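This report concerns only the one structure given below.
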Amino acid sequence: MQQPTIASLTKDERFEGFTLVRMSEQRTGSNGGKYLDLTLTDRTGEVNAKLWDGNVPPPPLSSVVKVRGLVVEYNGRLQLRIEKMRLSEPTDEIDMAMLTPCAPDKPEDMLKEINTALDAMQSDALRRIVRQMIAFYQDKLLYYPAAQRIHHAERSGLLHHTTGMIRLAKAVLSVYPQLNSDLVISGVIVHDLCKVEEMDSDALGVVRDYTQAGLLLGHIAIGVTRIAEAAREAGVTGEAVTLLSHMMLSHHGEENFGSPRKPMFPEAEALHWIDLLDARMNEMNTALAKVAPGVFSERIFSLERRLYHPRYDELTPEG
């Protein structure tokens, strides 16, 4: 799918391509005629659009539409004057990575990587609990983000975060072989699973808002409950349930960040830092992707600082 990006549009340019619908309303103009007022987006930005035809119904939010029109300027801002619009069809074979931020790997491949890590476990008790936890959310895992805005806020971002942490955990385990690998990997897989209940996301990985349970309880409290449920359904009791529950409670590390307990054994401590490092690297990579080498970013709210994009090419001598 070759088409101009929204961020690259200029006045008097003609545009034809697919976009996501973020806002869609039928309005009445000063002359009494009806028209559509839309906000259309791709992964690079958004543009206001108008369709001056009152007979066309507003497309559903988060739908994909193909539009053709002219880029104009109105009140100092670019606007797309739509001439023709239709909903996408299965035969369009749209690359969703062009329209919304997506994880770099296919969700099916990432889920397979998680299941492979589970297959390698020696602890049958932990494996059964974690498999049951995954079963609670199997379908939604394929598209759910890991956050609304901060890190891995993308389609399939939860799987992206989890597989990144599995790879990081394996590196940590190679340095600290005294850690119980099954416990670390189990904590990695389950620690954010209940964000599926915490956030209300559409199939494009866009979070509309937090759910009632998300606002009242949060994914950590929900997670402890779900671990207990998974253990009951899997017929598991004892130490495995208690340790995994503590890892859920403590993975944010500090009470100020939402954890009612600090990590109280090495595997829980390792989970906290693996989680933090993977999240921070994603935040930084996302921010610096928008900044040219040698330039500082705007202040990143979640990191409480500006970031610098190093001139990496100058670090390698020529020849």
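Values quoted throughout were computed directly from the atomic coordinates according to the rules given, and no laboratory measurement underlies them. These numbers come from a predicted model, not from an experiment. Using ideal geometry, Cβ is built from the backbone for each residue, glycine included, and neighbour counts are taken over all protein chains shown.
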Largest fluctuation, 69, 214, 294 only, Gaussian network model of the chain with Cα springs under 10 angstrom, belongs to 294
Mind pulling the angle between the C-alpha long axis of helix 107-119 and the longest principal axis of the chain? Nearest 10 degrees, somewhere in 0 to 90. 0 degrees
How would segment 101-286 be classified by its alpha-carbon gyration tensor: rounded, prolate or oblate, with rounded meaning a/c under 1.5 and the a/b versus b/c comparison settling the rest? rounded
Going out from 0 in 10 Å bins, what whole percent of all Cα-Cα distances in the chain drops into each bin? 5, 22, 27, 21, 15, 7, 2, 0
Taking the Cα atoms only, what angle lies between the long axis of helix 124-141 and the longest principal axis of the chain, rounded to 10 degrees? 10 degrees
Which net charge results for the neighbourhood of residue 273, defined as the other residues with beta-carbon distances under 14 angstrom from its beta-carbon, given Lys and Arg at +1 and Asp and Glu at -1? -3
Taking a threshold of 30 Å on the Cα-Cα distance, which of the pairs 195/290; 84/112; 50/290; 11/106 fall above it? 84/112; 11/106
Highest mean first, what order results for 75-81, 234-240, 185-191 on Cβ atoms within 10 Å? 185-191, 234-240, 75-81
Roughly speaking, what is the stretch gain from residue 13 to residue 87, that is 0.36 nm per residue apart minus the C-alpha to C-alpha distance, in nm to one decimal? 24.4 nm
Fewest-first ranking of 194, 102, using other Cβ atoms within 10 Å as the exposure measure: 102, 194
On a 0 to 90 degree scale, rounded to 10, what angle separates helix 266-288 from the longest Cα axis of the chain? 20 degrees
Using θ = phi - 60° and the Karplus curve 6.51 cos²θ - 1.76 cosθ + 1.60, what whole-Hz ³J(HN,Hα) does each residue of segment 9-26 get, with Gly and Pro shown as x? 5, 10, 4, 6, 7, 8, 10, 9, x, 9, 9, 8, 9, 9, 8, 7, 9, 8
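Once every DSSP H run of n ≥ 4 in the chain is given -39500 (n - 2.57) and the sum is divided by its residues, what mean residue ellipticity at 222 nm do you get, rounded to the nearest 500 deg cm²/dmol?
Result for the chain, helices only: -12000 deg cm²/dmol.
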Would you look at the GNM of the chain, springs on alpha carbons closer than 10 Å, and say which of 24, 174, 62 moves the most? 174
Quick one: check the C-alpha center-to-center distance for segment 210-262 versus segment 127-205, whole angstrom. 14 Å
Computed over segment 6-96, the relative contact order (Cα-Cα under 8 Å, seq sep at least six) in percent reads 31 percent
